[in-house]
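To keep things clear, I will list the structure first and then write my remarks on it.
The values are calculated or read from the model by the stated rules, or taken from the named source; none is laboratory data. Source: prediction; values computed, not measured. Using ideal geometry, Cβ is built from the backbone for each residue, glycine included, and neighbour counts are taken over all protein chains shown.
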Amino acid sequence: MVRLFVAIDLPADIRERLKGPQEHLKKSSARLTSVDPALIHITLKFIGEVPQDAVGRIMTALSGIPFSPFDLRVTGIGSNNPRQPRVIWCTVEDGGGSASLHAKVEDALVPLGFPRDDRPFRPHATLARVKQGDPTLPGCIRSIPPGDLGACTVSGFLLKKSTLTPAGPIYETLLEVPAS
């Protein structure tokens, strides 16, 4: 079995700027697991565990997705729940570009038997996961100074393999699909 997801990689300069908010989060007494900045990405679709022989069909389906490049800006830090966060992320503004691409990925994978996500798509890049909450965490998140954390043009998306290890995940790019 192979664990797969479809993603937009953020450029190195944006990932570097996200280290500041990750450091700021350490002011809280919550127990957090920070994402290695080199691995920060926007997940378009988590596919999950699939048989090795399905990878080729997935790659073929994704390769046929047409899309135009779009601009993306990382605009701030938020979480899945303002009162009891479980996931802390950077927020993204892109004029609907990643949501449109997400829908195209979903459309390409449904015929292969992968169900559509049942939650609305919200573009974000995970910075940390909360292992043990603390009352100081929501205020700590809110106190991260707002500001522009960087912008880029999305000119492709990736199919990635994720291997979970005790030291953290290892990602391998299996396919890059360029904008058309």
*Which strands (runs of 3 or more DSSP E) does region 45-134 wholly contain that include 2 or more residues that are surrounded by fewer than 12 Cβ atoms within 10 Å (Cβ to Cβ) and in contact (Cβ under 8 Å) with a residue 24 or more places away in the chain?*
124-132
*Pairs under 8 Å by beta carbon, first residue under 28 Å from Gly96 (Cβ atoms) in region 8-29, partner polar (S, T, N, Q) and not in a helix (DSSP H, G or I), six or more apart or different chains?*
Gln22/Ser34
*Starting from residues that are among the hydroxyl-bearing types (Ser, Thr, Tyr) and at pLDDT 95 or above, keep the ones in region 74-122 and report whichever is farthest from Leu44 (Cα to Cα).*
Ser100
*asked:* Suppose we keep only residues that are touching a Lys or Arg at 6+ places or on another chain (Cβ under 7 Å) and in a helix (DSSP H, G or I) within region 21-38. Which one would you say is surrounded by the fewest Cβ atoms within 10 Å (Cβ to Cβ)?
replied: Ala38
*Limited to region 161-176, what total is found for residues that are of a type in the set (A, V, I, L, M, F, W, C), more than 17 Å from Leu44 (Cβ to Cβ) and touching a Ser or Thr at 6+ places or on another chain (Cβ under 9 Å)?*
1
_Out of the residues in region 107-158 meeting the condition of being out of contact with any strand residue (DSSP E or B) (no Cβ under 7 Å at 6 or more places or on another chain) and among the hydroxyl-bearing types (Ser, Thr, Tyr), tell me which one is farthest from Ile14 (Cα to Cα)._
Thr136
*Somewhere in region 143-150, is a residue surrounded by 17 or more Cβ atoms within 10 Å (Cβ to Cβ) and either assigned to a helix (DSSP H, G or I) or without any contact (Cβ under 8 Å) to a residue 60 or more places away in the chain (or both)?*
no
